[in-house]
């Protein structure tokens, strides 16, 4: 599968919008999980929209796409690799946060999911957290399969079980969080992103992605 071509066709047309949306998502929501002295890994970083916006002492990123490196800030250490293979460049018990968005559904099978979670568990410090966003197939019907590289359907419950099987304890499980897409389709003013995050009732109406926060 030509990951570089898929990324380019899918993300380049909305690249600026995606960056703007993710800056707000990080500043208005995800920053609450990340201390300024934290060591953070973005697993399946894409074009780096999340990790570029994070204020943290040390920032790592993993992705299969070689073009991802050129999208990252110069101080971010990038590992070009399959995230389900050993993270040889990262020491055990060294990470405060593993963040991942729309990644696990792209893995080829559940064995690869388990291997990836094993690496996250190994590399996180005791008490460190994994934060995972993903499309919730329960609320998407056929839309889930509109992407060529989607392989494994998850709900918030099935992914919670995967995390618990990997030794994690669940801190937060939200079945409906973000819409299926925050950057394509109709372009609402960016202030709407902040309003959306501040009003969880809207999550119940428009959320199609789950949010899970789990602790080692």
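Computed values, structure above
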{"item": "Residue that is surrounded by the fewest Cβ atoms within 10 Å (Cβ to Cβ), among those in segment 90-108 that are at pLDDT below 95 and assigned to a loop (DSSP other than H, G, I, E, B)", "result": "108"}
{"item": "Subset of segment 141-162 [modelled with pLDDT under 90, loosely packed, with under 15 Cβ neighbours inside 10 Å and within 18 Å of residue 207 (Cα to Cα)]", "result": "141, 142, 143, 145, 146"}
{"item": "Where residue 126 falls short, out of the listed (1) surrounded by 15 or more Cβ atoms within 10 Å (Cβ to Cβ); (2) within 27 Å of residue 155 (Cα to Cα); (3) modelled with pLDDT of 95 or more", "result": "(1)"}
{"item": "Close pairs from segment 191-203: first at negative phi and modelled with pLDDT of 95 or more, partner surrounded by 11 or more Cβ atoms within 10 Å (Cβ to Cβ) and outside any helix (DSSP H, G or I), Cβ under 7 Å, at least 6 apart", "result": "197/29; 203/176; 203/177"}
{"item": "Qualifying positions in segment 62-81 - at pLDDT 95 or above and assigned to a loop (DSSP other than H, G, I, E, B)", "result": "72, 73, 74, 75, 76, 81"}
{"item": "Residues located in segment 39-81, provided they are over 20 Å from residue 19 (Cβ atoms) and within 15 Å of the chain's Cα centre (by Cα)", "result": "64"}
{"item": "Residues located in segment 185-194, provided they are in a helix (DSSP H, G or I) and in contact with a helix residue (DSSP H, G or I) (Cβ under 8 Å, 6 or more places away or on another chain)", "result": "193, 194"}
{"item": "The one condition in (1) exposed (fewer than 15 other Cβ atoms within 10 Å of the Cβ); (2) modelled with pLDDT of 95 or more that residue 173 fails to fulfil", "result": "(1)"}
{"item": "Some residue of segment 51-65 being in contact (Cβ under 8 Å) with a residue 60 or more places away in the chain and surrounded by fewer than 23 Cβ atoms within 10 Å (Cβ to Cβ)", "result": "yes"}
{"item": "Matching residues in segment 111-122 - criterion: being buried (at least 21 other Cβ atoms within 10 Å of the Cβ) and touching a residue at least 60 places away in the same chain (Cβ under 8 Å)", "result": "116, 120"}
{"item": "Residue 17 more than 26 Å from residue 118 (Cα to Cα), at pLDDT below 95 and assigned to a helix (DSSP H, G or I)", "result": "yes"}
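The values are calculated or read from the model by the stated rules, or taken from the named source; none is laboratory data. What you see is a predicted model, and the numbers here were worked out from it, not measured in a lab. Quick reminder, even Gly has a Cβ in these numbers, built from the backbone with ideal geometry, and neighbours come from all protein chains shown.
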